[in-house]
2 protein chains.
Amino acid sequence: MKYQNYSDMLKAMAEPNRLKIIDLLSCGSLCACDILKHFDFSQPTLSHHMKILQKAGIVKAKKTGKWQHYWLDPNFITTFKQNTDSLLRADADCICHQAQN
Amino acid sequence: MKYQNYSDMLKAMAEPNRLKIIDLLSCGSLCACDILKHFDFSQPTLSHHMKILQKAGIVKAKKTGKWQHYWLDPNFITTFKQNTDSLLRADADCICHQAQN
DNA sequence: CGTTTACATAGATAGCCATCTATGTAAAGA
DNA sequence: TCTTTACATAGATGGCTATCTATGTAAACG
């Protein structure tokens, strides 16, 4: 389906805590324990959120020693902005210019 | 909370059917019956989705005679793009440059 | 005035989701 | 080797949500 990838990204972003995580990571790489300091929920809950962000292609991760480092996937930034522009502009690719169903 | 409005928009958008509705409306105004032709779900389900899009400030509506007309709120388009840029750029307003919690 | 059309609302339900506690694991330090 | 630190995983739960059927309502039409 045309909207599936973009919808997956939006779904992952559509949670205030995950939005805050993305904002934190927009400045660079962080490990889980540093991210957790900004929140009130438990560590397993953060782990859950990070997994969702990775599955949606928003966040990349790498383990070095004890620390799990997270950062924004550069492809996500460009893809998301591109999809947003495409959605909100009435161009030739728009579904309303095509056959129904 | 800083992310609440943006998160509400994302939440409303994070559903493939509603994303398709936004795409349809990006070309201009449509009434409910015309939107419904593009989908397999029932009429009450569309009514439910339109209410969610209105509550999130994405869609405006006006009833004229029998027909309920819907169109994208121009403020949504600018606000959404602005919030997206703000989120994904590591500028001075970024949370990571401020005190924790 | 009865019927049709274009919706909205009510109530029910199955499935998903954010959170928790409890526990496992692997690396680092003493 | 024992303990601590930094995670991940499992399982449970309460709440939300997308969908349905049934029904109400208001406008238009004959």
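The values are calculated or read from the model by the stated rules, or taken from the named source; none is laboratory data. In this text, all values refer to a predicted model and were calculated from it rather than measured experimentally. Methodologically, a virtual Cβ is constructed for each residue, glycine included, from the backbone with ideal geometry; neighbour enumeration extends over all protein chains shown.
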Residues to consider are B:Gln68, B:Gln43; find the one that is within 16 Å of DNA strand D (Cβ to nearest atom), over 13 Å from the mean Cα position of the chain (by Cα) and in contact (Cβ under 8 Å) with a residue 12 or more places away in the chain. B:Gln68
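Is it the case that A:Ser47 is in a helix (DSSP H, G or I) and within 21 Å of B:Asn83 (Cα to Cα)?
No; evaluated as a whole, the condition is false for this residue.
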Report, by residue number, each residue of the stretch B:7-34 that is away from DNA strand C (no atom under 15 Å from the Cβ) and not hydrophobic (A, V, I, L, M, F, W, C). B:Lys20, B:Asp23, B:Ser26, B:Gly28
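Looking only at the stretch B:1-10, which residues are part of a helix (DSSP H, G or I) and surrounded by 20 or more Cβ atoms within 10 Å (Cβ to Cβ)? Give the steps one after another, and end with the answer.
Within the stretch B:1-10, the first condition is being part of a helix (DSSP H, G or I), and the residues that meet it are B:4-10.
Listed by number, the residues that qualify are B:Tyr6, B:Ser7, B:Met9, B:Leu10.
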Does any residue of the stretch B:11-18 turn out to be out of contact with any Asp or Glu (no Cβ under 6 Å at 6 or more places or on another chain), modelled with pLDDT of 95 or more and in a loop (DSSP other than H, G, I, E, B)? yes
Output yes when any residue across the stretch B:22-37 is aliphatic (A, V, I, L, M), out of contact with any Phe, Trp or Tyr (no Cβ under 6 Å at 6 or more places or on another chain), within 12 Å of DNA strand D (Cβ to nearest atom) and in a loop (DSSP other than H, G, I, E, B), and no when none is. no
Can you run down the residue pairs with Cβ atoms below 7 Å, 6 or more apart or on separate chains, where the first is in the stretch B:75-86 and under 12 Å from B:Gly57 (Cβ atoms) and the partner is at pLDDT below 95? B:Ile77/A:Leu88
Which residues, taken from the stretch A:46-77, are within 24 Å of A:Asn5 (Cα to Cα) and either near DNA strand C (Cβ under 10 Å from one of its atoms) or hydroxyl-bearing (Ser, Thr, Tyr) (or both)? A:Leu46, A:Ser47, A:His48, A:His49, A:Lys51, A:Ile52, A:Tyr70
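Can you find a residue in the stretch A:56-64 that is under 24 Å from B:Ile22 (Cα atoms), outside any helix (DSSP H, G or I) and away from chain B (no Cβ under 13 Å)?
As a first pass, look at the stretch A:56-64 and keep what is under 24 Å from B:Ile22 (Cα atoms): A:56-58.
Then keep just the ones that are outside any helix (DSSP H, G or I); that gives A:56-58.
So of that shortlist, the ones also away from chain B (no Cβ under 13 Å) come out as A:57.
Checked against the condition, which is being under 24 Å from B:Ile22 (Cα atoms), outside any helix (DSSP H, G or I) and away from chain B (no Cβ under 13 Å), the stretch A:56-64 yields at least one hit.
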